[in-house]
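**Student:** Quick one: structure below, then a few questions.
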Amino acid sequence: MPDLETRYAAEQFLFHEARLLDEGRWDDWLALFTDDGWYWLPARAGQTDPLEEISIIYEDPSVLRLRVARLNHPHAWTLAPAPRTAHVIGNVTVANGAADGSLTVGSMATIAEFRAGETGGRRLYAGRQTHELRPDPDSEAGFRIALKRLDLIDCDAESGAINVIL
Amino acid sequence: MTELPRPTPDDISALVRADRVHRRLYTDPAIFALEMERIFGRTWLFVAHESQFAKPGDILRTRMGLEDVLVTRDRDGAIHVVLNRCAHRGAAICTQERSHAPSLVCPYHGWAFALDGAVTSVPHRPSMPAGFDMADPARSLARAPRVESYRGFVFASFAETGHSLTQHLGVMTEIFDNLIDRSPDGEIEQAGGMFRQVYRGNWKLHHENANDTLHAGYTHESSVAAARDDKRDYATPAFDDHLTHVQMLSNQFGVREWEKTGIWGAPGGHSYMGGIHEKGVMSTDDLDPVAAELRARIAAKQGEDRADEILGMNRYNNLVWPNVSVNAQHQQLRVVTPLAVDKTMVTAMCFRLKGAPERQFQRAVRILNNISSPASTILVDDIEIFERTQHGLTNDAADWIDLSRGIDIETPTNDGRLAAGGISDLPIRGQYNEWLQYMTAA
């Protein structure tokens, strides 16, 4: 079982990531990923295969950076007006495996969204997150993300457009 | 809904002109109710692909317009479409999207129905009156009287009579044929899951947008710019990694490129646009080992010329009015389901080409993620525009919507289609021609 210091550091990392997303600092968020990292929102509970089954998002940094560049563009219509989000991260569990200090961090995420205007509204997302973290002593955050998986409780339901990064 | 005043044929006709339509067609609940009765209650609607309920006893729950229906395959393999409403007290019998059962049993009082909807068992018969007749059709599940499969694509109609399915599809059978022909084994199956996207706008907005080429550079400006500013080398073997980039970039076409793609209308309100991956417009085929392998496998069975013919059918969105959009190149199909005058669901799915390289299917999955996920970097901007349009049309002070683009430059082809350059409202005018016929029919 990881020591308290490790667990604290992992938890702080998740809070840091959530804050970057809530503040719309997409470039800083993207920089948290390892070059071979993945961001995955499965489209089915218990999904294990991202290649032969659809995903809400299954992207590595080479594709995520297009997503981020779009969000940064002044004519990304879904950001006019911009949505606001509040991430709450809890129920954090940390398991370490590898000797290199990699961690598997589980948590629950509840994300409230508000967007003004007729095409906006209030919305709530919730689900279990799994982060595969690699230690990165060179970065202020302390880790980089090799995998972020977010299993939304309604991942296979009908959905309106998802205009924010969760 | 039946309490709403029913617009007369004259009322309806006054709302549609050759080059414009009235905003009420998108916002008036009375018109929506009439659409459900006269269009979705009569014409052929796509309900399922046969691979989604392949075995006897398989049951697929879906919708025909506002109606909640079950598509079933009985023990003899016959296909039925029955209303998901117990003939007794009205409870929905099935709540799963897919299930498998020998019969349909209502959880309320145990009435049981065969997979064709016929009532088979009513518990506590002695408590029913003497005249209770199991043979009375009202005791069985209501059903769509006409169900037909075009090579595995199942359509149903609530009308007892009317055009056959192939008459309804007309030349659009070409695109279903082409999707199947792309399989080296001549067989496809729906696989990988489905997205169900809901937008706060009228159902007609989807088809009106799907073949509207010019919107791409404006609506999708942010994703186009993101891809354009991120130069990629589409070299093998990493081509699959660039699928998202290709799709985001393809919306950058200007007038010249769109004119080259072309657009066609067909009788029945159907239409299609030329492909965007054509050589000289945007092609990556030469760099693509998966495409080359697929071609080789088709050619091995059907010959080189036929393989070229199949893969050379270069069309993007193919709209079968009123509720299906097919893209054979992407192995993708979308179904448009109206939920209310200002609420619509779009179900998007992809197909596995049997006998094709496995990566061909993985691409179809990836393309579906890219362009049909609720978090798609492309689709979300379409949804935003649908919703802005719906909102804009609630304004009372301005009534008409312009549909005149390209009206002077349509050219009839010798087989009954209308052709235009790639920037034209021809598809929308065609949709309204058909709409008007259905809506004013007795």
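**Student:** Go through (1) within 14 Å of chain A (Cβ to nearest Cβ); (2) in a strand (DSSP E or B); (3) open to solvent by less than 10 Å² (accessible area, probe 1.4 Å) one by one and return the number of the condition B:G193 breaks.
**Tutor:** Tallying (1) within 14 Å of chain A (Cβ to nearest Cβ); (2) in a strand (DSSP E or B); (3) open to solvent by less than 10 Å² (accessible area, probe 1.4 Å), B:G193 fails exactly one: (3).
**Student:** In the stretch A:11-101, which strands (runs of 3 or more DSSP E) lie fully inside it and hold 2 or more residues that are at pLDDT 95 or above and within 11 Å of chain B (Cβ to nearest Cβ)? Give the derivation first.
**Tutor:** Working: elements: A:33-42, A:55-59, A:84-96.
Result: A:33-42, A:55-59.
**Student:** Give, as residue ranges, the helices (runs of 4 or more DSSP H) completely inside the stretch B:1-40 that count at least 2 residues that are closer than 17 Å to B:P338 by Cβ.
**Tutor:** Correct list: B:24-27, B:29-38.
**Student:** Still on this model: Which residue out of A:S102, A:S55 is without any contact (Cβ under 8 Å) to a residue 60 or more places away in the chain, within 26 Å of B:S372 (Cβ to Cβ) and open to solvent by less than 40 Å² (accessible area, probe 1.4 Å)?
**Tutor:** Residue meeting the stated conditions: A:S55.
For every residue, the table says whether it meets (1) of a type in the set (A, V, I, L, M); (2) within 14 Å of another protein chain (Cβ to nearest Cβ); (3) open to solvent by less than 10 Å² (accessible area, probe 1.4 Å).
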{"residue": "B:S376", "(1), (2), (3)": "no, yes, yes"}
{"residue": "B:I383", "(1), (2), (3)": "yes, yes, yes"}
{"residue": "B:F386", "(1), (2), (3)": "no, yes, no"}
{"residue": "B:T394", "(1), (2), (3)": "no, yes, no"}
{"residue": "B:E410", "(1), (2), (3)": "no, no, no"}
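**Student:** Considering only the stretch B:201-229, state which residues are free of Cβ contacts under 8 Å to residues at least 40 places away in the same chain and open to solvent by 20 Å² or more (accessible area, probe 1.4 Å).
**Tutor:** B:G217, B:Y218, B:E221, B:R228, B:D229
**Student:** A further question follows. If a residue has to be among the charged types (D, E, K, R) and part of a strand (DSSP E or B) to count, how many in the stretch B:63-91 make the cut?
**Tutor:** Here the count works out to 4.
**Student:** From the set of residues in the stretch B:230-239 that are under 20 Å from B:V365 (Cα atoms) and more than 10 Å from chain A (Cβ to nearest Cβ), which is surrounded by the most Cβ atoms within 10 Å (Cβ to Cβ)?
**Tutor:** B:F239
The values are calculated or read from the model by the stated rules, or taken from the named source; none is laboratory data. Bear in mind the structure is a predicted one, so any value in this text is a computation, not a measurement. Cβ: placed from backbone, ideal geometry, glycine included. Neighbour counts: every protein chain shown. Side chains included, ligands, DNA and RNA excluded: accessible areas come from the protein's heavy atoms. Shrake-Rupley method; radii C 1.70, N 1.55, O 1.52, S 1.80 Å.
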